[in-house]
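Here is the structure we will look at.
The values are calculated or read from the model by the stated rules, or taken from the named source; none is laboratory data. Being a predicted model, the structure only gives us computed values, none of them experimental. Here the Cβ positions follow ideal geometry from the backbone for every residue, glycine too, while neighbour counts run over all protein chains shown.
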Amino acid sequence: MQKQFYFDRFESRRPYSSIPDNKYRTLLFQFAGIITIALGFAYLNWRWRFSLNPDALWFSIPLVTAESLSFISTIMIVITFWSNKDAEKAPPVHYLSEIEDIEDAPDRPVKIDIFIASYNEDVELVRLSIRDAKKMAYPFSDVKIKIYVLDDGRRDGRDLSKENMKKVAEEEQVNYLIREHNQGYKAGNLKNALEHTDGDLFVILDADTRAFPEFLIHTTGYFKKRTVAWVQTPQWFYDTSEPEKLSSVITSKFKIVNKKINGIIDLVFGKIKVNEDIFGNEPRLFYDVILRRRNFHNAAFCCGAGSIHRREAVMSLAVKSFAEEIKKKELELVKKNKSNPEIANQKNSILLDQELIPFMFHASEDIYTSMMLHSDKWESIHHPDVECKMLSTQDLDSWIKQHQRYAEGSLDIAFKDNPVFKKGLTWGQKIAYTSTIWSYFAPLWILIFLLCPIVFFFSLTLPVKAYSFDFFKHFLPFQIMNTITITLGCWGIATKRGDQYYISSFWYMLMALLSVLSGKKVKFNVTQKDKNYSNSIRHVLPHMALIGLSLIGITYNTMLLISGHHPLASGFVANAFWTIFNITALSIMIRAAYWKPMEAFN
């Protein structure tokens, strides 16, 4: 009997269609982007020169600095969103000569490997991915397509306390690969797979990645361009939380069974729906806009699952890195004044010990390897259409662990191999990679934006000379134009939930930044693939503290206003609106920490 999963009820869901390109919309965005940047410079010029409160520079300077840092993000968004350039689609590959220069060697049908990377996931979940991989269609019967389960959890039956992944692979009649250690984490698992396979192209799927039948038909044709190293397809999570009627949530949570009370609650709250995509997992904005736009700069990076790669590209990178490492160690020996025989002996020893590493051994192996391949003049393509479905994180603790790993990995790259100084990258690629990394420095200014209203409420001090007409005539045009530009740039895709999580994520991103600065090794955490109804309260204590202080501050200032003792009424109004915006953004993570689907209450 097939095991039942929570996501079974979502099997009928279908992915979104990619947004068609439109040159007029692009021109409008470019025009709006230029105006936004011009207004931003004008606003910040006025802020630094004329608006600072000379009696509270301790307050004024941090705020205007935060605004300036945030504006850098705006500039990079405009640059990376500048234009769209979808790659031309081509029919699927048949022969090796279509994707490689075989010179005088005999031609043959291309070989394709499908890797399903697994660690500790439910083996029946992996079985679903295997079965969908087996359904992948291809128009040429002589093209060999081999499926491999890459088991990094040593679940081959030796440990009776573990599920038997090898048995599942045998039952499904697919290949099974295992290794005796976890060196390099997922990158090491893929390295081991490449050492035991010979596909010209290989697909990377996670344990929960269920490819659609036409995945290969729609993606292999891109490799007819000899410089394409990989193709990334959008990751679509088909199990995100559905919108729930607020009235139903209230009656279910508090177990209200009185029909009259239920009727009143439904009358008052029945039209309000909440909890849609409660964890902010919907990735459409990232894949259909952000990553897709990076095709223009040849800077769309690999995101792991749902991607297909050219073996030649990753192996050539591995060989080049191998040679550079050998040369580096040889120079070290020369600097130590070693004799030629000693250098030769140690060099031979190094040659025997050194390994070819196709994917960077790193917590963010996908983006790091992408950057290395781009610097080696390979090209990438972000395919616009969804070709597989995946599972999203189902509790806040798992969500934060996953995103904190992304943050720590990206920040670690910034400090150890910064793309700005990476040889071989174009300026467009440098800005695109920097934009991704820069987003993880956001807590440095978000925290200031969250604290400023609170500081005002208790100090009754303004960070500007006054919230006067002069302030708003500079501030509002920039803010309004910035909103219009982002809306145009996002092609109408809703950004509300993403904006809320951008602000609400300040704490884990701050912890990630401090962790990397302290030199702590970045860990590769495997994302949990099932439901966990823990409250995750520890993750939202800072959010609760900020909201509590904000509410106390508003109450205190309201009392001053009523009693006629408030010295800055206009400042209170402005900061009260600012605070409401902050509370709305912070509250989403608190709701996520306590969220349970309605069936969990029944």
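See the values below:
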read-out	value
Among (1) touching a helix residue (DSSP H, G or I) at 6+ places or on another chain (Cβ under 6 Å); (2) buried (at least 19 other Cβ atoms within 10 Å of the Cβ); (3) not polar (S, T, N, Q), the one test that Trp399 misses	(1)
Those residues of the range 305-323 which are β-branched (Val, Ile, Thr) and free of Cβ contacts under 8 Å to residues at least 40 places away in the same chain, in sequence order	Val319
Hey, Lys473 assigned by TED's automatic domain parsing to the domain that holds Ile580 and without any contact (Cβ under 8 Å) to a residue 40 or more places away in the chain or not	yes
Unique match (being touching a helix residue (DSSP H, G or I) at 6+ places or on another chain (Cβ under 8 Å), in contact (Cβ under 8 Å) with a residue 24 or more places away in the chain and either under 30 Å from Leu285 (Cα atoms) or not in a strand (DSSP E or B) (or both)) among Lys255, Lys191	Lys255
Sole residue being aliphatic (A, V, I, L, M) and under 27 Å from Asp499 (Cβ atoms), chosen from Val257, Val274, Val314	Val274
Cross-chain or 6+ apart pairs with Cβ under 8 Å, the range 428-457 first and in a helix (DSSP H, G or I), then crowded, with 23+ Cβ neighbours inside 10 Å and charged (D, E, K, R)	Ala432/Arg294
Residue that is farthest from Tyr6 (Cα to Cα), among those in the range 186-229 that are among the hydroxyl-bearing types (Ser, Thr, Tyr) and surrounded by fewer than 20 Cβ atoms within 10 Å (Cβ to Cβ)	Thr227
Single residue of the range 299-330 satisfying the filter (surrounded by fewer than 20 Cβ atoms within 10 Å (Cβ to Cβ) and among the polar types (S, T, N, Q)) that is nearest to Trp378 (Cα to Cα)	Ser316
Among residues of the range 64-105, those that are in contact with a Cys (Cβ under 9 Å, 6 or more places away or on another chain) and assigned to a helix (DSSP H, G or I), counted	1
Of all residues making up the range 153-188, the number that are closer than 20 Å to Glu355 by Cα and assigned to a loop (DSSP other than H, G, I, E, B)	6
The range 343-384, subset assigned to a helix (DSSP H, G or I) and charged (D, E, K, R), residue modelled with the highest pLDDT	Asp366
Residue check, Asp132 part of a helix (DSSP H, G or I) and under 23 Å from Tyr222 (Cα atoms)	yes
Residue check for Lys166: in contact (Cβ under 8 Å) with a residue 12 or more places away in the chain, loosely packed, with under 14 Cβ neighbours inside 10 Å, assigned by TED's automatic domain parsing to the domain that holds Phe115 and under 18 Å from Phe115 (Cβ atoms)	no
Residue within the range 145-152 that is touching a residue at least 60 places away in the same chain (Cβ under 8 Å), within 21 Å of Ala229 (Cα to Cα) and outside any loop (DSSP other than H, G, I, E, B) present	yes
Flag for Asp142 being closer than 27 Å to Asp200 by Cα and surrounded by 18 or more Cβ atoms within 10 Å (Cβ to Cβ)	no
Flag if Asn275 is of a type in the set (S, T, N, Q), modelled with pLDDT under 95 and surrounded by fewer than 19 Cβ atoms within 10 Å (Cβ to Cβ)	no
Unmet requirement for Ile61, which otherwise passes all of (1) out of contact with any Ser or Thr (no Cβ under 9 Å at 6 or more places or on another chain); (2) surrounded by 15 or more Cβ atoms within 10 Å (Cβ to Cβ); (3) of a type in the set (Val, Ile, Thr)	(2)
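Per-residue answers, yes or no, for (1) surrounded by 16 or more Cβ atoms within 10 Å (Cβ to Cβ); (2) in contact with a Gly (Cβ under 7 Å, 6 or more places away or on another chain); (3) part of a helix (DSSP H, G or I); (4) on the phi > 0 side of the Ramachandran plot:
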position: Gln2; (1), (2), (3), (4): no, no, no, no
position: Asp8; (1), (2), (3), (4): no, no, yes, no
position: Ser17; (1), (2), (3), (4): no, no, no, no
position: Arg25; (1), (2), (3), (4): yes, no, yes, no
position: Gly33; (1), (2), (3), (4): yes, no, yes, no
position: Ala38; (1), (2), (3), (4): no, no, yes, no
position: Asn45; (1), (2), (3), (4): no, no, yes, no
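Yes or no, residue by residue, for (1) in a helix (DSSP H, G or I); (2) at pLDDT 95 or above; (3) β-branched (Val, Ile, Thr):
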site	(1), (2), (3)
Asn532	no, no, no
Asn535	no, no, no
Leu551	yes, yes, no
Ile554	yes, yes, yes
Thr558	yes, yes, yes
Val573	yes, no, yes
Thr579	yes, yes, yes
Asn582	yes, yes, no
Glu599	yes, no, no
